[in-house]
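The values are calculated or read from the model by the stated rules, or taken from the named source; none is laboratory data. Bear in mind that the values here come from a model prediction, so they are computed numbers and not experimental data. Note that each Cβ is placed from the backbone with ideal geometry, even for glycine, and that neighbours are counted across all protein chains shown. Accessible surface areas use protein heavy atoms only, side chains included; no ligands, DNA or RNA. Shrake-Rupley method; radii C 1.70, N 1.55, O 1.52, S 1.80 Å.
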Amino acid sequence: SATAPAAAPAPAPAPVATWALDWSDEFDGGTLDHTKWVEETGPKWFNNELQYYSSRPENLRVSGGNLVIEARKEAFGGREYTSARIKSQGLKERQYGKYEARIKIPRGQGIWPAFWLLGANCGAVAWPECGEIDIMENIGKEPNIVHATVHGPGYSGDNGFGSPSKLASGGYADDYHVYALEWEPQEMRFYRDGILYHTVKPALVKGTWVFEHPFYVILNLAVGGDWPGNPDAGTVFPQQMLVDYVRVYKRTN
């Protein structure tokens, strides 16, 4: 009987990035892991924000499998609001990798949660020369939008190079979502729930590329400021940013 002609060999697929876990915090204990995080405290002068960052359990705790960052309306340290901010500076600093966090953000006018990276050389060179990579930011007046943005010399502050990711329905504060960055030499890719929505390369930024050196992770919840505006009568306090995990992977192929 006749034999069917042999099928042509399929073209080899492009190599897919594979990632191995490098470090993580699942926030399953009862206290903040100080081998990975340091609290940043005090009144912050950035962006005309209103909060005093404290390390008190009222503002920062590990509970129920989550990191809880709680913004409160209360007089403290000369400010009218308190919240918290933690960073991996000096403890976990990496160049490149996949950075991922599962977060349930808070809600309300004037509320500003963020998951981001800052250049580890920020003590030696000024911002934005050190570089900033914002994996997730939300401002309360935009309940269904998160932003991914990079900042560097020539594209910082209001001129950062960013893109929004909009939910088809509902708001981000309604549930947990996974926010991720894949950072490789000369390229960054930003995802929300596995959906790629922003890609950054040197040719796309309107200035100097400053992303080929180690960065550290920051998680914070700001209140007020130039971008979100201040809380109003409709903003309910306290508000909580719940972080289920932070996972950092390295490329294996």
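In the context of the full set of protein chains, the chain has a per residue accessible area of 46 Å² (1.4 Å probe). Just to be sure I follow the definition: excluding the sites themselves, where is the longest run in the chain that has none of the GluC sites (Glu not before Pro) in a DSSP loop with at most 16 other Cβ atoms within 10 Å? It runs 130-211. The C-alpha atoms of the stretch 82-219 occupy a region whose extents along the principal axes are 40, 34, 26 Å, arranged from largest to smallest. Going through the cross-link list K73/K98; K87/K166; K87/K141; K73/K250, which pairs have a Cα-Cα distance over 32 Å in this structure? From K73/K98; K87/K166; K87/K141; K73/K250, over 32 Å: K73/K98; K73/K250.
With 0.36 nm allotted per residue and the present C-alpha distance subtracted, the A12-E26 stretch has 1.3 nm of extension available. Scaled against the 2.2 N^0.38 Å expected of a compact globular protein of N residues, the Cα radius of gyration of the stretch 165-212 reads 1.41. A simple count of charges around V146, restricted to other residues whose Cβ falls under 10 Å of its Cβ and scoring Lys, Arg +1 and Asp, Glu -1, yields -1. Let me make sure I get this right: for the stretch 6-151, a, b and c are the square roots of the gyration tensor eigenvalues over alpha carbons, sorted descending. Under 1.5 in a/c it's rounded, otherwise prolate if a/b > b/c, else oblate. Which is it? Taking the square roots of the gyration eigenvalues as a ≥ b ≥ c, the stretch 6-151 is prolate.
Computed over neighbours whose Cβ is under 14 Å from that of G170, the net charge equals 0, Lys and Arg +1, Asp and Glu -1. Label sites at D193 and D232, each approximated as a point 7 angstrom past Cα along Cα to Cβ, lie 2.7 nm apart. Taking Cα centre as origin and charging only the Cβ of basic (Lys, Arg, +1) and acidic (Asp, Glu, -1) residues, the dipole magnitude of the stretch 28-252 rounds to 300 debye.
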